[in-house]
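Here's the structure we're looking at; comments come further down.
Rule-based calculations on the coordinates, nothing more; no lab input. Note that this is a predicted model, so its numbers are computed, not measured. Here Cβ is always computed from backbone atoms with ideal geometry, including for glycine, and neighbour counts include all displayed protein chains.
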Amino acid sequence: MEKQNKSTKGPSVNEMLETIKERMKKIKNKIVVLSGKGGVGKSTVVAELAAALAKKEKKVGIFDADLHGPSIPKIISPTQNMMVMGNKIIPAEFKPLNIKIISIDFLLPSEDSPLIWRGPLKGKAIIELLYYTEWGDLDYLLVDLPPGTGDEPLTIAQSILNLSGAIVVTIPSLLSEKIVAKAIKFCEILKIPLLGVIENMSYFICPKCGSKYYIFGKGAGEDLAQRMNIQFLGQIPLDPRIREAHDRGVPFVFEHENTETAKEIIKIADKIVKTLEKAR
């Protein structure tokens, strides 16, 4: 982000928000992905949905708004680094799929440097990142939100006007269902359209016998969607190959398109595309 000269006054928050508003006009669909709870694999879902959309020749960007635990640059390792050019930030990019990525992680001194900030600094950082980033024309911008319904989600909701919708991620456990319901209520209060619920880590398929094992429970995601009267987008299996791909910084869908797990992710992406097209 730009370092201001002592004699030069930087833009006000209102000026930055106006610029963000103009830049967001170049992005057709702006989607926040949240859970209200950690440990559900939300960043994994964001990365894989981005890859699935990019494979359909859509122009996709990811804004990693999880300031304290940025994961996207580890899951999708950019092949082109983020660049600061004057008053603009050019996003990093995963060139094989042309996915643009912005994350605070790129600005930290090292991979294990913690961000020890209170609320006001976090809100200012998100606004500045959105202000300085030159996304260009995109079909989809996916915003990876941190757990909870506090500073970062609220700043995003108030900075990116006319959000196309929200995707809520849960796992099939009753505890997750109860906490994730708060994220749904958050969206309703802020009048963010709800695109649907994704249940991650739904089941494990034994590679030897093909049997399904419901390790974390069964049906909680679908029950949550029915109870809250929103669309159930689908289930993503617990697949060790996802972890293996992400450890190498490559989206699973990019390498394993013909697997059952990848097909489920692609089906979910198709549902999201159709839902947004109907809403227009």
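For this structure, a couple of remarks:
- Under the combined filter of DSSP loop state and at most 14 neighbouring Cβ atoms within 10 Å, segment 9-75 retains these GluC sites (Glu not before Pro): GLU57.
- Between 0 and 90 degrees, the angle of helix 13-24 with respect to the longest Cα principal axis of the chain falls at about 50 degrees.
- Estimated D of the chain in µm² per second, where Rh is the Kirkwood radius over Cα pairs and Stokes-Einstein applies at 10 °C, 1.306 mPa s: 83
- Net charge of neighbours whose Cβ lies under 9 Å from the Cβ of ILE72, counting Lys and Arg as +1 and Asp and Glu as -1: -3
- For a straight C-alpha distance cut-off of 12 angstrom, the aspartates and glutamates reachable from LYS267 (same-chain residues fewer than eight places away being disregarded) are GLU48, GLU257.
- 22 Å Cα-Cα reach of LYS95 towards lysines, excluding residues that sit fewer than 8 places from it in its own chain: LYS26, LYS28, LYS30, LYS55, LYS56, LYS58, LYS59, LYS74
- Put a plus charge on the Cβ of each Lys and Arg, a minus charge on the Cβ of each Asp and Glu, and nothing anywhere else: the dipole of the chain about its Cα centre is then about 520 debye.
- Computed extension length for ASP270-LEU108: 54.8 nm, one decimal, from 0.36 nm per residue of separation with the Cα-Cα distance subtracted.
- Placing a pseudo-label 7 Å from each Cα along the Cα-to-Cβ vector at MET85 and LYS26 gives an inter-label distance of 1.1 nm.
- Of ILE20, ILE268, ILE116, the one that fluctuates the most in a GNM where the chain has Cα springs shorter than 10 Å: ILE116
- Annotation for ARG243 and LYS212: the two label points, set 7 Å from Cα along the Cα-Cβ direction, are 2.2 nm apart.
- Angle in degrees between helix 260-279 and the longest Cα principal axis of the chain, rounded to the nearest 10: 60
- In this calculation the C-beta distance from LYS56 to THR19 is compared with R0 = 22 Å, giving a FRET efficiency of 0.15.
- Rough spin-label spacing in nm, given labels placed 7 Å along Cα→Cβ, for LYS124 and GLU277: 4.5
- The chain: angle of helix 119-132 to the longest principal axis, Cα-based, in degrees nearest 10: 80
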